[in-house]
Amino acid sequence: MEMLKQRILQDGRALSGDVLLVDSFLNNQVDVKLMQAVGEAFARRFANAGVTRVATVESSGIAPAAMTALAMDVPLVILKKSASRILQDDILQTEVFSFTKNAPYQLTLKKRFVQPGDRVLLIDDFLANGEAAFGCIRLLEGAGAGIAGVGAVIAKAFQPGMRKLREAGYRVEALAPVKSMAEGKIEFE
Ligand code: 5GP
């Protein structure tokens, strides 16, 4: 997706060899017009995948996932990173290791928002090692849903997540697949 790649080159900052800062349009401030285009791009790519629901992980996945759900006219399900006191019953949980926080958390799905037979499109802002995506897949499949595919706004292709998901048989689409990163230099596949 050319518009997204240009924006990453213009405003993204490679903090190190493996962390990309995109706080000005995706993580801390959201360019909603760009996210609308992101949602439409995912909707086009997965148009024939029989998607009945979009799912994402709070919080940075919500903007691109909401726009995708809107473009596909399906509900959006949000997986939480911890179980609150008002989210006790009807939940599935799995431990996930956070790339950005470098610590584990309990990924939580409220089961009744996914039906057996659903085909879920999983959307997230980044795909790195695939921990978050595999955690979501464990929970969604545990609830009886099928995975229509995984869409990453940005996938760091030099990290193993994308390859592992594909090896496990899942369809992965990355709108901006980053081949390599160094301070001041970002290259796409
Ligand atoms: P994974 O679970 O695939 O290792 O990492 C994906 C999750 O970590 C995403 O949900 C995203 O929030 C975060 N993440 C991974 N790499 C980056 C990065 O380079 N920059 C930012 N801002 N977040 C990242």
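The values are calculated or read from the model by the stated rules, or taken from the named source; none is laboratory data. In this text the structure is predicted, and so the values were computed from the model without any measurement. Neighbour counts are summed over all protein chains in view; Cβ atoms, including those assigned to glycine, are modelled from backbone coordinates with ideal geometry. Keep in mind that these areas ignore ligands, DNA and RNA; they rest on the heavy atoms of the full protein, side chains included. Shrake-Rupley method; radii C 1.70, N 1.55, O 1.52, S 1.80 Å.
Let me spell it out: the conditions are (1) exposed (fewer than 14 other Cβ atoms within 10 Å of the Cβ); (2) more than 22 Å from ALA155 (Cα to Cα), and SER59 meets all of them except one. Which number is the exception?
Only one criterion in (1) exposed (fewer than 14 other Cβ atoms within 10 Å of the Cβ); (2) more than 22 Å from ALA155 (Cα to Cα) is unmet by SER59, namely (2).
Looking only at segment 1-14, count every residue that is over 23 Å from GLU58 (Cβ atoms), aliphatic (A, V, I, L, M), surrounded by 17 or more Cβ atoms within 10 Å (Cβ to Cβ) and more than 13 Å from the ligand (Cβ to nearest atom) and tell me the total.
Residues meeting the conditions: 1.
Need pairs with beta-carbon distance below 7 Å; first residue closer than 22 Å to GLY146 by Cα and within segment 30-54, second loosely packed, with under 15 Cβ neighbours inside 10 Å; sequence gap 6+ or separate chains.
Final answer for the pair search is ARG53/PRO75.
Only one of VAL30, VAL96 is closer than 19 Å to GLU141 by Cα and aliphatic (A, V, I, L, M); which?
Checking each option against the conditions leaves just VAL96.
Which residue is farthest from the ligand (Cβ to nearest atom), if the candidates are limited to segment 15-57 and must be over 22 Å from LYS179 (Cα atoms) and basic (Lys, Arg)?
If we take residues in segment 15-57 being over 22 Å from LYS179 (Cα atoms) and basic (Lys, Arg), then ARG44 is farthest from the ligand (Cβ to nearest atom).
Given the structure, is ALA152 within 10 Å of the ligand (Cβ to nearest atom) and either surrounded by 14 or more Cβ atoms within 10 Å (Cβ to Cβ) or of a type in the set (Ser, Thr, Tyr) (or both)?
yes
Looking only at residues in segment 15-39 that are touching a Leu at 6+ places or on another chain (Cβ under 9 Å) and farther than 23 Å from GLU131 by Cα, which one is surrounded by the most Cβ atoms within 10 Å (Cβ to Cβ)?
MET35
Give me the pairs: first residue in segment 106-130 and over 22 Å from ALA152 (Cβ atoms), second residue modelled with pLDDT of 95 or more and surrounded by fewer than 16 Cβ atoms within 10 Å (Cβ to Cβ), beta-carbon distance under 6 Å, and six or more apart or on different chains, which are they?
Sorted first by the residue in segment 106-130, then by its partner, the pairs are PRO116/GLY144.
What number of residues within segment 92-140 satisfy the criterion of being out of contact with any strand residue (DSSP E or B) (no Cβ under 7 Å at 6 or more places or on another chain), open to solvent by 80 Å² or more (accessible area, probe 1.4 Å) and either more than 10 Å from the ligand (Cβ to nearest atom) or of a type in the set (Phe, Trp, Tyr) (or both)?
4
How about segment 144-189: which of its residues are at pLDDT below 95, out of contact with any Gly (no Cβ under 8 Å at 6 or more places or on another chain) and small (Gly, Ala, Ser)?
Scanning segment 144-189 gives a single hit, GLY184.
In this structure, does VAL150 turn out to be β-branched (Val, Ile, Thr) and without any contact (Cβ under 8 Å) to a residue 40 or more places away in the chain?
So VAL150 passes the test.
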